[in-house]
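Each remark here refers to the structure printed beneath this line.
The values are calculated or read from the model by the stated rules, or taken from the named source; none is laboratory data. Bear in mind the structure is a predicted one, so any value in this text is a computation, not a measurement. Every residue, glycine among them, receives a Cβ derived from its backbone with ideal geometry; neighbour counts consider all protein chains shown. The area values use the complete protein model at the heavy-atom level, side chains included, leaving out ligands, DNA and RNA. Shrake-Rupley method; radii C 1.70, N 1.55, O 1.52, S 1.80 Å.
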Amino acid sequence: MRSLFVLVALGAAVVLTGCGHRGGGSFHREMLGKAIAEFSSPMKDQSTERVWVANMDDSTCDAHDVLLGKGSGSSLSFGGGKGGSYDALAYEVFSNYLTQKKKGKVVEAHRHNYSTDLKVATHQQVELLLDDGKKKVNAITPEDLCLLDEAKKRNADKVLAYQVVSMSGQELRIHLRLSDVRSGLVELSRTLLVQRGVVADISF
């Protein structure tokens with residue numbers, strides 16, 4: 001009976017450990033929270049600047065995809081890069097922190113938010129050639145939400161780009177970069193290591 005209890009306890013420990021290594025674990029949230037708090041400390045409080053948050057592999061709307069008519073992917077490359085599934089969690093934690101601590105106004109990246117004040121045309125009028133190039137026809141392209149993403153980014157004041165280099169149950173390595181949209185200049189760039197609740201700058 002005692003051996004059965006030990007086996008059950010070990011099984012529960014394995015399950016709990018496995019769950020702790022998934023993207024939504026509380027340890028991971030805490031480490032990401034400490035990282036963004038440390039990184040954003042030089043940013044102004046009560047800021048009204050608009051911030052576009054995205055991981056550094058922000059390439060789903062590249063010219064190749066647009067030309068192929070595939071330009072409707074997400075502006076956030078969830079699951080991309082070395083950070084894997086932690087990218088989406090990082091976006092959530094960073095957006096929550098910047099908004100709640102009033103470090104900036106996060107630009108909504110979700111595709112159902114059309115940001116109508118920008119008056120962005122997500123369809124384009126094109127001319128098609130039919131019958132071996134003998135006949136021209138005007139047509140409207142399918143909706144290209146990459147154009148909406150581009151307008152939102154260009155209308156932001158700052159871009160917060162991040163890369164989850166590695167993440168485990170007790171350690172996070174992450175690179176964060178804040179840049180100005182108008183000038184294109186990087187204003188703040190740091191690589192941080194979070195170990196057992198302690199944040200260290202490992203930029204150099």
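Filtering region 115-140 down to residues that are modelled with pLDDT of 90 or more and on the phi > 0 side of the Ramachandran plot, which residue is surrounded by the fewest Cβ atoms within 10 Å (Cβ to Cβ)? Residue satisfying both the conditions and the ranking: 119. If you filter region 145-170 down to residues that are under 15 Å from the mean Cα position of the chain (by Cα) and basic (Lys, Arg), you find that the one that is surrounded by the most Cβ atoms within 10 Å (Cβ to Cβ) is 158. Just wondering, is there one or more residues in region 171-184 that are farther than 12 Å from residue 39 by Cβ, assigned to a strand (DSSP E or B), without any contact (Cβ under 8 Å) to a residue 24 or more places away in the chain and open to solvent by 40 Å² or more (accessible area, probe 1.4 Å)? No. The number of residues in region 131-151 being in contact with a helix residue (DSSP H, G or I) (Cβ under 8 Å, 6 or more places away or on another chain) and in contact (Cβ under 8 Å) with a residue 60 or more places away in the chain comes to 2. Take region 92-114 and flag every residue that is without any contact (Cβ under 8 Å) to a residue 60 or more places away in the chain and either open to solvent by less than 40 Å² (accessible area, probe 1.4 Å) or closer than 20 Å to residue 44 by Cα (or both). The answer is 95, 96, 99, 100, 102, 105, 106, 107, 109, 111. Evaluation of residue 179 against the conditions (1) at pLDDT below 95; (2) under 19 Å from the mean Cα position of the chain (by Cα) shows that the sole unmet condition is (1).
If we scan region 67-74, do we find a residue that is open to solvent by 40 Å² or more (accessible area, probe 1.4 Å) and modelled with pLDDT of 70 or more? No, there is no match, as no residue in region 67-74 is open to solvent by 40 Å² or more (accessible area, probe 1.4 Å) and modelled with pLDDT of 70 or more. Of all residues in region 1-57, those satisfying the criterion of being acidic (Asp, Glu), modelled with pLDDT of 95 or more and open to solvent by less than 90 Å² (accessible area, probe 1.4 Å) are 38, 49.
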